[in-house]
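Here is the structure we will look at, set down as structure tokens.
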Amino acid sequence: MRVFYEDWQMECCGTPFAVGEEVAWKLVAYDAENIREGLGYGAEAWVENHGGPDEETVGRVRAIELVQQEHLAHTDQRALARIRRALADRESEGTVILPSPYSMEAVPGAYTLEPVDTCPKWFEREEPGSGPGPHRIRRATGALVTLDAPDTSHVLQGPCLPDGLDDFDDSDGIADDADVPEVSDTTPPHPDDRL
């Protein structure tokens, strides 16, 4: 199975791992909508270090690919100027909290996979330039892992799956439209619609 280990999940609470090692992770499956939207870079599930299922999925790491996602970065020049003024003001006491001057959006489909032997604890990030932009930058957003896991029965189904999918046909491991039961609309008509 393919699993996406997001950069922030690893940097916060993860333990680096290598090809050939046995791992035990709490996994949550991507639902059909997430897959159609391209989340997870083709993975079937993601590692969830902050909740997820009660049981961990145990498996052996067969391959690791770092996901290098291209982003379009915009720089708010006024926010950048405030940060520069705050850094230059050596007389202020205490902590100064200012918003980031950058906003970034992933460019759909613009990513590469870099095969590696070990997943890093910290991911490299190209920083946006200080000009008004927009700038195109690449950032590692996580690791796509090929995991040989013999028992995936306790992988938590994604939070967006409709209720009642306990018995859907998961022979392909992915919930798709054919697996979703049809739901009838039970909303009563609006009083104006009865006329």
statement: Those residues of the stretch 13-27 that are surrounded by fewer than 18 Cβ atoms within 10 Å (Cβ to Cβ) and at pLDDT 95 or above come to a total of 8
message: Against the definition (of a type in the set (Lys, Arg), touching a strand residue (DSSP E or B) at 6+ places or on another chain (Cβ under 6 Å) and either surrounded by 14 or more Cβ atoms within 10 Å (Cβ to Cβ) or closer than 30 Å to HIS135 by Cβ (or both)), how does ARG60 come out, yes or no?
response: yes
task: Please work out if ILE64 is farther than 16 Å from THR112 by Cα and either touching a residue at least 60 places away in the same chain (Cβ under 8 Å) or in contact with a Phe, Trp or Tyr (Cβ under 6 Å, 6 or more places away or on another chain) (or both).
output: no
field: Selection status of VAL96, out of contact with any His (no Cβ under 9 Å at 6 or more places or on another chain) and either among the hydroxyl-bearing types (Ser, Thr, Tyr) or within 21 Å of ALA140 (Cβ to Cβ) (or both)
entry: no
- prompt: Here are some conditions: (1) modelled with pLDDT under 85; (2) part of a helix (DSSP H, G or I); (3) not small (Gly, Ala, Ser). LEU98 meets all but one. Which one does it not meet?
  reply: (2)
- request: Would you please name the residue that is nearest to THR57 (Cα to Cα), looking only at residues in the stretch 108-159 that are part of a strand (DSSP E or B) and among the acidic types (Asp, Glu)?
  value: ASP148
- line: Considering the stretch 111-126, residues that are at pLDDT below 95 and farther than 16 Å from GLU65 by Cβ, and then whichever is surrounded by the most Cβ atoms within 10 Å (Cβ to Cβ), we arrive at GLU126
task: Answer with yes or no whether LEU165 is farther than 24 Å from CYS12 by Cα, aliphatic (A, V, I, L, M), in contact with a strand residue (DSSP E or B) (Cβ under 9 Å, 6 or more places away or on another chain) and at pLDDT below 75.
output: no
task: Return yes when LEU144 is modelled with pLDDT under 90 and among the aliphatic types (A, V, I, L, M) and no when it is not.
output: no
Enumeration of residues in the stretch 41-88 that are at pLDDT 90 or above and outside any strand (DSSP E or B): TYR41, GLY42, ALA43, GLU44, GLU48, ASN49, HIS50, GLU55, GLU56
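The values are calculated or read from the model by the stated rules, or taken from the named source; none is laboratory data. The structure displayed is predicted, hence computed values, not measured ones. Every residue, glycine among them, receives a Cβ derived from its backbone with ideal geometry; neighbour counts consider all protein chains shown.
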